[in-house]
Amino acid sequence: MKNKFRIFGTLLLGVMVAGTLTFSSCSSDDDDDNNNNGKVDPGTIAEANLVAYFPFDGNATEKIANLTPTQQPGVTYVAGRRGQAYQGADQAHLLYTIPDGSKLKTLTSFSLAMWLKSPLVTGDPEPTIFEIGKSDDLFWGNLKFALNRLSATADSLQLKTFFLKSDATTWKGQHISYSNPSFQINKWMHIVVQYDGTTSKFMIYKDGVKVNIPANIENRIDGENGPALGPLAFENVDKLNFGAWRTKSEGGLSDAWMGWYLGNIDEFRVYDKALTATEVKALYDAEVSQITE
């Protein structure tokens, strides 16, 4: 070692150089350990099960299959949690055609993950946020995520989810509405709603933590006293939309209760399974590491 450092003139210089090299090496290792200075790409969480991703970073392009909307009237983009976010408005919505072979057509379980910021929904109308649709049922489609109407004195939001099991014996369409004080009005929150076709459980996570919901909401059954619901079965899947009831935007109906979504959506992801609690927490932590506002 001494002989090596004498090339630089003195042992002291060699020690200084060695110290500099050691410091640089440790710094590089620390950067690797911190995943790019603490920033983790959320797309790496359950990546094999991620079937659709809408970052809404200034446009409506979906990044997994590169889907672009066939309709996008009135949609604008504002500062979001990561870059920009979807801004809802009266008459604003997005409509996509789902291609043949898309995994969105054959979901038996699902997780919808997103950043959400919404005003309180009172009286009329009731807004659709997201839907995997079917054109022979413009009301409910195959999978819908929406907000329910509450009184003007409500202090939080009520989330509404619908999903279809077309081969069920009795309860083909599952309608679930649930409110919680943690679903804050006009504040960004990370929401995951999911259904596990293996366990027949419906779950909601807020900011990486599972929300405690009643057993009769969590455990989904087919009929009043029926068996566990089991894997979902979608049918005639053809469209995907944000922000509007298709009955209103495409079907020509004008019912006041069918509202336009007026809030914000960012980093919207669809998975073809129910994420584990560990995965949801990892996704939330990764999302937080990317916050730009």
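Of all residues in region 125-144, those satisfying the criterion of being over 15 Å from Lys248 (Cβ atoms) and either out of contact with any Gly (no Cβ under 9 Å at 6 or more places or on another chain) or assigned to a loop (DSSP other than H, G, I, E, B) (or both) are Asp136, Asn142. Quick one: would you say Asp207 is closer than 21 Å to Phe234 by Cβ, in the same structural domain as Asn264 (by TED's automatic domain parsing) and at pLDDT 95 or above? Answer is no for this residue. Tell me, yes or no, whether region 170-178 has at least one residue that is under 21 Å from Ala113 (Cα atoms), without any contact (Cβ under 8 Å) to a residue 12 or more places away in the chain, surrounded by fewer than 15 Cβ atoms within 10 Å (Cβ to Cβ) and within 22 Å of the chain's Cα centre (by Cα). The answer is no, given that none of the residues of region 170-178 is under 21 Å from Ala113 (Cα atoms), without any contact (Cβ under 8 Å) to a residue 12 or more places away in the chain, surrounded by fewer than 15 Cβ atoms within 10 Å (Cβ to Cβ) and within 22 Å of the chain's Cα centre (by Cα).
Annotation: of all residues in region 262-293 being β-branched (Val, Ile, Thr) and within 15 Å of Lys39 (Cα to Cα), the one that is surrounded by the fewest Cβ atoms within 10 Å (Cβ to Cβ) is Thr292. Output yes when any residue across region 65-77 is at pLDDT below 95 and of a type in the set (Phe, Trp, Tyr), and no when none is. No, there is no match, as no residue in region 65-77 is at pLDDT below 95 and of a type in the set (Phe, Trp, Tyr). Of all residue pairs spaced 6 or more apart or on separate chains, those with beta-carbon atoms under 6 Å, a first member in region 150-165 that is free of Cβ contacts under 8 Å to residues at least 24 places away in the same chain and a second member that is surrounded by fewer than 18 Cβ atoms within 10 Å (Cβ to Cβ) are Phe162/His175. Determine if region 98-111 includes at least one residue that is assigned to a strand (DSSP E or B) and among the acidic types (Asp, Glu). Looking for residues that are assigned to a strand (DSSP E or B) and among the acidic types (Asp, Glu), one finds none in region 98-111, hence no. Taking region 145-179 as the range and being β-branched (Val, Ile, Thr) and not in a strand (DSSP E or B) as the test, the residues that pass are Thr153, Thr169, Thr170. Among the residues of region 23-64, write down those that are modelled with pLDDT under 95 and part of a helix (DSSP H, G or I). Phe23, Ser24, Ser25, Cys26, Ser27, Ser28, Asp29, Asp30, Asp31, Asp32, Asp33, listed by residue number. List the residue pairs whose Cβ atoms are under 6 Å apart, where the first residue sits in region 115-132 and is crowded, with 20+ Cβ neighbours inside 10 Å, the second is at pLDDT 90 or above and of a type in the set (D, E, K, R), and the two are 6 or more positions apart or on different chains. Qualifying pairs under 6 Å: Trp115/Arg81; Trp115/Asp266; Trp115/Glu267; Glu131/Lys144.
The values are calculated or read from the model by the stated rules, or taken from the named source; none is laboratory data. Predicted model only: the values in this text are computed from it and were never measured. Note that we place each Cβ from the backbone using ideal geometry, even for glycine, and neighbour counts take in every protein chain shown.
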